[in-house]
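Each remark here refers to the structure printed beneath this line.
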Amino acid sequence: MAGAPEHPPRNPTPPDRGLFSARTRVMEAGDVARALRRMAHEIAERNHGLEGVVLVGLVTGGVLLAEQLALVLSEFEPSPPPVGRLDVSFYRDDISLRRVLPHAVTEIPGDLTDRVVVLVDDVLFTGRTVRAALDALNDHGRPRAVQLAVLVDRGHRELPIRPDYVGKNLPTRRDEDVKVGLDGVEILRQFSANDAADPGSSESGAS
Amino acid sequence: MKHLLGIAGMSRESLDELLVLTDSFAEINARAIPKVPALRGKTVATLFFEDSTRTRLSFETAAKRLSADTLSFSVSSSSVKKGESLRDTALTLEAMRIDAVVVRHGSSGAPWQLARWLDCSVLNAGDGWHEHPTQALLDAFTLRQRFGSLDGLRVAIVGDIKHSRVARSNVWAFTALGAEVVLVAPRTLLPPSLEGWPVQMSEDLDAVLPTVDVVYLLRMQLERQNEALVPTLREYTARFGLTVDRAARLADRAVVLHPGPMNRGVEIAPEVADLERCLVLDQVANGVSVRMAVLFKLLAGADGSTASEELDRAGNG
């Protein structure tokens, strides 16, 4: 994406309950499509074709991307890979800290033993979802290899996990949100009216 | 949601939520390794003051498949025999840092009373003639699996309604989920009043049969025979049993449910129990999935924000 114009200025939307939210568009629909196309080629190249490859989208953000990758792969590979989806709720390490509910029923196409599983997710952040996904895969067989494809790597890893295929490396602040769709990628940041003003003016002085 | 004490008063939304959650556990139960680490470190105790091997096994299986530890308090060989009160028994259990207690009791309201005394979650596994909520959930799930939805289904519940907690819970669950319920029983086996029940009633099974999508047969409780509520079991079978002849008059898509254990030859003919439309074994399988969903819902995580909210906020960590 060399030569792409600098980020457009962040446009604060009108305050909602005292909160502003600033959104910055970092990828357009065309950028997402091109990134997926490159990732699809990288997957086929790395695995010398698609023999034994299974795409598994992580619920919910990765499901659509896995299907999209399979669609792109089918354009230039003779046999498109099977696509599954994995809900990792029951394997999360924060399950006792907050309420975790599954969003969709897991659907794995057959036994994964000796297959190459490409996990697909929209955003790679702390790495905890991927850790849970690796655990979950164990219960569906013993893959020959597991690879990780993400559209956006936003940093802030808390575990030794790295992606094999990345759509875009996107440095972010920890308190920002990244919204991903096939129509583009946005960074969202919420801040209160006080943030912009003198930090001493809030009630934090009581400490 | 901290306890599951009964279906009455539960909204359609919370019932639907549990049924949707059950889908995820049905998928786990279909795996080669049907076990997830979701409730690792939690302990579930079963406290059964009435014998019920199948319900207790179903709850224990559900807890184990969620990686929770289970312990079963056997009333017949315990301190209860020595005169310990319900409250002391429960407090003893809780002192062992139990996260949930699954209770079956002969007295209506016992689980409700326990929930007042204890800090842990209480699951009603059947209390007196009152409620048996997980049975109703698994029946609703079985019908949803078969028909896609309970909306507009017509269900006949046949048999000893008066003494049946299953019938009570099912009436509330089925009607809340959009089905129409007709109770079919001799007058002696109906409760003294049906006021406030959103149901129809009939004493003529033959007239009702062709009009229903579901026949829900209740177990004829043989131990109640000395109360002379029906003249003889043969007479009951003749008027209210699902015989081969009657089963032949069911609509094509109609199904037969039974909470078990069946009295073959009394409320259901042996041949009918083995028909494809008799979903008894589906009910048993779904019982484990539903109980996993309930245990997970009650025990996983702290109350408050849902994972979806947090995940959205965290940019899908």
antiparallel share of DSSP beta bridges within the stretch B:85-227, to nearest 5, in %, is 5 percent
Starting from the exponent 0.38 and prefactor 2.2 Å, build the expected Rg for the stretch A:73-113 from its residue count and divide its actual Cα Rg by it.
1.69
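Suppose we keep just the DSSP beta bridges with both residues in the stretch A:13-130; what percent of those would be antiparallel, to 5?
20 percent
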Note down the magnitude of the dipole of chain B about its Cα centre, charges +1 on Lys and Arg C-beta and -1 on Asp and Glu C-beta and zero elsewhere, to the nearest 20 debye.
680 debye
Principal axis extents for the stretch B:133-283, Cα atoms only, whole Å, descending order, please.
41, 36, 28
Write down, largest first, the equivalent ellipsoid semi-axes of the stretch B:127-182 in whole Å, where each equals the square root of 5 times an eigenvalue of the alpha-carbon gyration tensor.
19, 12, 8
For the stretch B:171-177, take each phi angle, set θ = phi - 60°, evaluate the Karplus expression 6.51 cos²θ - 1.76 cosθ + 1.60, and give the result in whole Hz per residue in order, putting x for glycine and proline.
4, 5, 5, 5, 6, 4, 8
What would the Debye formula give as log10 I(q)/I(0) at q = 0.12, 0.16, 0.18, 0.19 Å⁻¹ for the alpha-carbon point model of the stretch B:31-170, no solvent?
-0.56, -0.92, -1.09, -1.17
Cβ-defined net charge surrounding A:ARG115, 10 Å radius [Lys, Arg +1; Asp, Glu -1]:
-1
What percent does the relative contact order of chain B come to when contacts are Cα pairs within less than 8 Å and at least six residues apart?
20 percent
Enter the per residue convex hull volume of the protein assembly as shown, computed from alpha-carbon coordinates, in Å³ rounded to the nearest integer.
208 Å³
Can you run phi through the Karplus equation (6.51, -1.76, 1.60; θ = phi - 60°) for the stretch A:115-131 and list ³J(HN,Hα) in whole Hz, with x for Gly and Pro?
8, 9, 9, 9, 6, 10, 9, 7, 10, 9, 10, 6, x, 6, 4, 5, 4
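Return the average number of partner chain Cβ atoms within 10 angstrom of each residue Cβ along peptide A:117-130.
If you average over the peptide's residues, the count of other-chain Cβ atoms is 2.
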In the neighbourhood of B:LYS35 defined by beta carbon distances under 11 Å, the net charge of the other residues (Lys, Arg +1; Asp, Glu -1) is +3
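Which order do A:MET39, B:MET1 fall in if you start with the one that has the fewest other Cβ atoms within 10 Å?
The most exposed by this proxy come first: B:MET1, A:MET39.
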Would you mind calculating the relative contact order of the stretch B:1-160 from Cα pairs under 8 angstrom and at least 6 residues apart, reporting the percent as a whole number?
25 percent
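Structure shown: which of B:LYS162/B:LYS297; B:LYS35/B:LYS297; B:LYS42/B:LYS297 lie over 23 Å apart, alpha-carbon to alpha-carbon?
Cα-Cα > 23 Å for B:LYS162/B:LYS297; rest within.
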Just counting partner chain Cβ atoms within 10 Å, what average do the residues of peptide B:13-22 show around their Cβ?
1
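How fast does the stretch A:22-188 diffuse by Stokes-Einstein, in µm²/s, taking the Kirkwood radius from C-alpha pairs at 4 °C and 1.567 mPa s?
Estimated via Stokes-Einstein, D reaches 80 µm²/s.
At 25 °C and 0.890 mPa s, what whole-number value in µm²/s does Stokes-Einstein give for the translational diffusion of chain B, with Rh from the Kirkwood sum over Cα pairs?
Once the numbers are plugged in, D ends up at 120 µm²/s.
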For the stretch B:86-140, what mean projected area does the convex hull of the alpha carbons give, in nm²?
3.7 nm²
Residue mean of other protein chain beta carbons inside 10 Å, A:133-141
2
Once both label points are put 7 Å beyond Cα along the C-beta direction, the B:ASP206-B:LEU91 separation in nm becomes 6.0 nm
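A short reminder: the numbers here are calculations on the coordinates, not readings from a lab. Given the structure is predicted, the values throughout are model-derived calculations rather than measurements. Every residue, glycine among them, receives a Cβ derived from its backbone with ideal geometry; neighbour counts consider all protein chains shown.
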